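Visitor: Got a structure here, written out as structure tokens. Questions coming.
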Amino acid sequence: MVQRQVPNPAELLELMKFKKPEFNGKKRRLDSALTIDDLRTIAKRRTPKAAFDYTDGAAEGELSLTRARQAFQDVEFHPGILRPAPTVDTSVEILGGPSALPFGIAPTGFTRLMQTEGEVAGAGAAAAAGIPFTLSTLGTTSIEGVREANPHGRNWFQLYVMRDREISYELARRAAAAGFDTLQFTVDTPVAGARLRDKRNGFSIPPQLTLGTIVNAIPRPWWWYDFLTTPKLEFASLSTTGGTVGELLDAAMDPTISYDDLAVIRDIWPGKIVIKGVQNVEDSVRLRDEGVDGIVLSNHGGRQLDRAPIPFHLLPEVRRAVGDEFTVMVDTGIMNGADIVAAVALGADFTLIGRAYLYGLMAGGRAGVDRTIQILRTEIERTMRLLGVASLAELEPAHVTQLTRLVPVSRAAAAAEVR
């Protein structure tokens, strides 16, 4: 029989703890975001459709991006028990320097179109977190501006080879002079991918006002206020603007890019050089033998060749082929700290985040990027503790199984079926 009593007001007060209201709208908004997907939801609400879709979208049917994210979801972890990890060490040495976390910020183009603080917010947040920041050739902040935002941290520069080679060479020289320590030479963009969301939205650089964009802007006046009351967008590598992103890329990029260009860039660049956009084992081995400092397994966030290989799926085979001493990094599809832990366990030395950073930027500027890093750090630390590992060095392939949805069919088997 349950014994009942008249509620004691003093006891009720002990149970009822009222939360102090948060009057800062941005802080309240960002504190409510518990995952990167939460930040994406906020970003979509606060950003005009064309700018959001440029960030969120990929090429053609967006299969490459969907598959890359699915690959990380199709991970089974294998924790060890009775292995206490009250504290975890998330730091790593990468390309001759330290990073407090096993990820850095990837290069993203036209970043100030997403939110006016752009690369300055990303570089400042990276500096505060002790991780590298990468400036894109198509960034909207100058090399020197990023250096000013991150004067004591690690700045990396991503380089495209342009039709006018001297533009690319001069950018590399400027980045070296500004103290950037690593060059990401990107090789998967001889031409632009078919980014259909941009075409459907009429997204152009600079943004063009149409009836549709005006209607879409009405509930987002803060974005337009920021855009119209801050310095105009400037692109260090583009002499002209006025077209879709794909049209600008096609006008600037050179489909004749080759290993000869790599040799020239290596002569120009004094620091570490990694090749970004590698998508098979054979190229990984050749680049190792060519003497570059590392590679980034990447399909450009699904924004170039749709149905491209999934970088996370390539990772174990590439690691076996190139050996343990060669630097292998991974991007595309990372939306959770557990994704990063899985990549490190399967052989990645480092990872890069692109959209996750931009979702935070669109959700709240610099504070939103800080929140992105905080969310990923918490997820990494929690996953490591649950696996029973106290440092990244303790992660190994035995901690992860890649579950398979897409099973490749060998050419021999396919030919036999046809017969």
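Visitor: Taking the range 201-248 as the region of interest, how many residues are modelled with pLDDT of 80 or more, within 23 Å of the chain's Cα centre (by Cα) and among the β-branched types (Val, Ile, Thr)?
Guide: The total comes to 0.
Visitor: Check Thr47 against each of (1) modelled with pLDDT of 95 or more; (2) open to solvent by less than 20 Å² (accessible area, probe 1.4 Å); (3) not aliphatic (A, V, I, L, M) and name the one condition it does not meet.
Guide: (1)
Visitor: Looking only at the range 349-379, count how many residues are free of Cβ contacts under 8 Å to residues at least 60 places away in the same chain and among the hydrophobic types (A, V, I, L, M, F, W, C).
Guide: Within the range 349-379, residues that are free of Cβ contacts under 8 Å to residues at least 60 places away in the same chain and among the hydrophobic types (A, V, I, L, M, F, W, C) number 0.
Visitor: So, Thr108, is that one among the polar types (S, T, N, Q) and crowded, with 24+ Cβ neighbours inside 10 Å or not?
Guide: Numbers: among the polar types (S, T, N, Q): yes; crowded, with 24+ Cβ neighbours inside 10 Å: yes.
Answer is yes for this residue.
Visitor: Out of all the residues in the range 249-277, which are open to solvent by less than 20 Å² (accessible area, probe 1.4 Å), modelled with pLDDT under 95 and touching a Gly at 6+ places or on another chain (Cβ under 9 Å)?
Guide: Hit for the range 249-277 is Leu249, nothing else.
Visitor: So, one more: Residue under question is Ala106, and the condition is that it be at pLDDT 95 or above, under 17 Å from the mean Cα position of the chain (by Cα) and within 17 Å of Gly179 (Cβ to Cβ); does it hold?
Guide: Details: at pLDDT 95 or above: yes; under 17 Å from the mean Cα position of the chain (by Cα): yes; within 17 Å of Gly179 (Cβ to Cβ): no.
In short, no.
Visitor: Confirm whether Arg307 is farther than 22 Å from Arg40 by Cα, among the basic types (Lys, Arg), touching a residue at least 24 places away in the same chain (Cβ under 8 Å) and open to solvent by 20 Å² or more (accessible area, probe 1.4 Å). Show your work before the answer.
Guide: Details: farther than 22 Å from Arg40 by Cα: yes; among the basic types (Lys, Arg): yes; touching a residue at least 24 places away in the same chain (Cβ under 8 Å): yes; open to solvent by 20 Å² or more (accessible area, probe 1.4 Å): yes.
Criteria met by Arg307.
Visitor: Something else about it: Any idea which of (1) open to solvent by 70 Å² or more (accessible area, probe 1.4 Å); (2) under 30 Å from Asn216 (Cα atoms); (3) more than 18 Å from the chain's Cα centre (by Cα); (4) polar (S, T, N, Q) is the one Thr66 doesn't satisfy?
Guide: Unmet condition: (3).
Visitor: Restricting attention to the range 141-157, report how many residues are open to solvent by 10 Å² or more (accessible area, probe 1.4 Å) and more than 19 Å from Lys276 (Cα to Cα). Write out each step before concluding.
Guide: Keep residues of the range 141-157 that are open to solvent by 10 Å² or more (accessible area, probe 1.4 Å), which gives 141-142, 144-145, 147-149, 151-154.
If we keep only those that are more than 19 Å from Lys276 (Cα to Cα) too, we end up with 141-142, 144-145, 147-149, 151-153.
Counting residues in the range 141-157 that are open to solvent by 10 Å² or more (accessible area, probe 1.4 Å) and more than 19 Å from Lys276 (Cα to Cα) gives 10.
Visitor: Got a sec? Which strands (runs of 3 or more DSSP E) wholly within the range 301-414 have at least 1 residues that are on the phi < 0 side of the Ramachandran plot and modelled with pLDDT under 95? Walk me through it before giving the result.
Guide: Working: elements: 327-330, 350-353, 400-402.
In the range 301-414, the matching strands (runs of 3 or more DSSP E) lie at 400-402.
Visitor: For the range 28-51, does any single residue satisfy the condition of being farther than 20 Å from Arg303 by Cα, among the charged types (D, E, K, R) and over 23 Å from the mean Cα position of the chain (by Cα)?
Guide: Among the residues of the range 28-51, at least one is farther than 20 Å from Arg303 by Cα, among the charged types (D, E, K, R) and over 23 Å from the mean Cα position of the chain (by Cα), which makes the answer yes.
Visitor: Quick test of your reading of the structure: Arg83 fulfils all but one of (1) closer than 30 Å to Ser204 by Cα; (2) exposed (fewer than 13 other Cβ atoms within 10 Å of the Cβ). Name the failing condition by number.
Guide: (1)
The values are calculated or read from the model by the stated rules, or taken from the named source; none is laboratory data. Since we're looking at a predicted model, the values are computed, not measured. So basically every Cβ, Gly included, is an ideal-geometry build from the backbone, and we count neighbours across all protein chains shown. Protein only, heavy atoms only, side chains kept; ligands, DNA and RNA dropped before computing areas. Shrake-Rupley method; radii C 1.70, N 1.55, O 1.52, S 1.80 Å.
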